[in-house]
1. Residues 298, 292: which one is free of Cβ contacts under 8 Å to residues at least 60 places away in the same chain, part of a strand (DSSP E or B) and surrounded by 15 or more Cβ atoms within 10 Å (Cβ to Cβ)?
2. Would segment 501-514 turn up any residue that is in a strand (DSSP E or B), within 29 Å of residue 395 (Cα to Cα) and at pLDDT 95 or above?
3. Restricting attention to segment 161-199, report how many residues are assigned to a loop (DSSP other than H, G, I, E, B) and either modelled with pLDDT of 95 or more or farther than 30 Å from residue 610 by Cα (or both).
4. Which of the residues that make up segment 360-394 are crowded, with 18+ Cβ neighbours inside 10 Å and under 30 Å from the mean Cα position of the chain (by Cα)?
5. Quick test of your reading of the structure: residue 305 fulfils all but one of (1) touching a strand residue (DSSP E or B) at 6+ places or on another chain (Cβ under 8 Å); (2) within 26 Å of residue 443 (Cα to Cα); (3) outside any strand (DSSP E or B). Name the failing condition by number.
6. State whether the residues of segment 521-538 include one that is assigned to a strand (DSSP E or B) and under 30 Å from residue 646 (Cβ atoms).
7. Do the conditions hold for residue 430, that is, is it closer than 19 Å to residue 512 by Cα and surrounded by fewer than 14 Cβ atoms within 10 Å (Cβ to Cβ)?
8. Determine if segment 410-418 includes at least one residue that is within 27 Å of the chain's Cα centre (by Cα), surrounded by 13 or more Cβ atoms within 10 Å (Cβ to Cβ), within 28 Å of residue 552 (Cβ to Cβ) and not assigned by TED's automatic domain parsing to the domain that holds residue 522.
C-alpha cells in the first residue's frame, strides 16, 4: 500500500485533475486566413537548426484543418503536425490513450506486471500534416496523444478532455528530430564489440514507457541493437532525464541513470560489459512437484535498479541471467501460490531450491436474517487493515464476482486467496451490502494454505430520511441527494486519487427530493456517511457526521441550499483563443489556510469559453487559468504551473448575484 500511496501522491503532484463540462458560447467572428506553411523542402543537414516562427495558432489553423462538420465521431481533436522547420509531416502515427491520472491503481499494475495500455484509436496525418482523431462517446476522462514518426523522437500531448459535439483545434504539434543518443558497447577489458547487445532508453515514468511499448511504431524509440562495431544510435527527445541500459547474452547488465537529454552537445554513452553471472534454481511445491510459469524477479540489493526477470519451465527450473557480481533479493510468484522472497542470494549460485505454498481457500454460505439460504449475490474480497483502524484495501488478483448457486450447492468456493486478513463483502437484492467479520488466512508453517468455512447473515441496513429547502426555507423539489464517505471532497485532486485507491464501507445511493423536498435513502450498510445535495438552481451542500451503526430509520436535520451565481467567461493567451485551457476557481490562499477551502475546475471549449460546472456561493475567490501547449509538450506541466500563478485575478460573488462573467488572459511567455 505504501508504494501505491507514493504513486498516487506523485500523480497528484504531476497535475492529475478532473475537468468539468462547460457551455459553448456563441461563435466569434472568424479571423483572416493564415499564411500557409512553407512547402516541403529537402531535410536540412543540421536537424537541430533554430526552427522558423510558426505562422498559425489553433484559431488561425481552423480554416486549414479538416472541417468539423460531417466527421464521425462527433467530437475529438484536430491539428497539423509540423517539423522544427515549420514544414508539414505526412504519415505521422497519432495514437490516443487514456491518461494515468484516470486510474492510479492501473499505474501500479503496469509497473508490477509490465502491462501495456493499448491505444483507444489511431490515425496517420495526411500529406499536408493534418489529422482529426476522436471518440464516439464523451466521458469524464483525461486523454493523451502520442505522435510517432520514423527518424523522429516520440512526442506526447497530455491533459486533453472531450466535450460533446465539439472538435478542438490543437493547432501546431511540433514533432522534432530530437537529439541523437550515441555510444558503443564493448567487452570489458578487451575493447572488442559485444555482439547482439541491446540498448534501451527508459524515461523512468512507468506509464509513458509502457505506452511507448504498446504503440505499433513505438518499439524502435525505446531500444536498438548495436551494429557489427558495437555502435548504436537512438533518437530521443531533447528534454528529460532518462535511464539507459545495455544487455547482451552472456554479459552482465550495465545501467546509466540520470542522463540529462537537455545537455548539448549530448555526450556519447559507452558501456563496457563484464561477463555475466546467473542464478539457477528450481521452484517447487511442498510435495516436491515443480511449478511451471513462475515469475522470478532478481532485485539488486546494492542499487536502486529494476529487476532482472526469468520464468520457470515445465519442471520448475529457472535461470536468471545478465547478473553482475553481488547479492540479490529474489521474489517468486505464480498463479495459485503465495508469493515468496529469498534474501541475500549470491549471483552465480546454481543450486537454489525455492518451495512455495499453495494459497488458501474459503467456502462461503450467505443467509437471510431468518436463516434462509441466499443463492444469488455479488461477492467482493477486501483486505482488512487492522493497523489502520480497520480500513479496507483492494485485492487486485482476486476479482469481484457474481455468485449463482444451483442444485444442492450451499457454499461458494473462493480459491487463490493470498496470506492476510480479509472481509467478504456481499450485496444481494433487497438487503444492504453486508461485510463479514475479519477472517485470517495464511499458509501453515511448512505447508499449504488453509481451507476455511464462513457464514454471512445479510442485514436490512439503515435508512436516512430528510428534506431539502432553498435559502428561504421553502421545499426544494428535484434535488439529488447522494451518499458519500465521511470527509469525501470530490473537488480535491488529492482526495480523488486516494479515494480511488481504497474501497469504502458505505453504500453508494442517490435519491431525488419530491414535491415536499423530502427524500429517503434505504438499505445502507453501516458506516460513517456524508450527504452531497445538488440542484441546478443552487449551490452544492454537504451534510457531515452521519454515523449508521444499527438497523432502522435515521431522520436528519433539514438541509438548506443557497442559490449562488453562475461563473463564466472567456480565456485567451496573449490575446488569442485558448481552447482546452484549464480554469481553476479557488478561495484566496489566506482563506484556504483557515480551513475554508473551495475549488472548482472547468475546461474552455473550442472558442475559449468556459462555465463553472455548478453555481458558486457568495464570497471572495481567485480565478486562474493554464493553456494547453502543443509546441513544447515536454515543458507543459512546468509552464502550466507558472501560468496558474501569473494569471490569478480576484473574483467576487455577491449576495443575490445571479451571474458573474470574468475573462482571463494568460501571459504569453513564448
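1. Criteria check complete, one pass: 298.
2. yes
3. Adding up the residues that qualify gives 12.
4. Across segment 360-394, the qualifying residues are 379, 380, 381, 382, 383, 384, 392, 394.
5. Failing condition for residue 305: (2).
6. No, there is no match, as no residue in segment 521-538 is assigned to a strand (DSSP E or B) and under 30 Å from residue 646 (Cβ atoms).
7. no
8. no
The values are calculated or read from the model by the stated rules, or taken from the named source; none is laboratory data. Keep in mind that what you see is a predicted model, and the values were worked out from it rather than measured. Quick reminder, even Gly has a Cβ in these numbers, built from the backbone with ideal geometry, and neighbours come from all protein chains shown.
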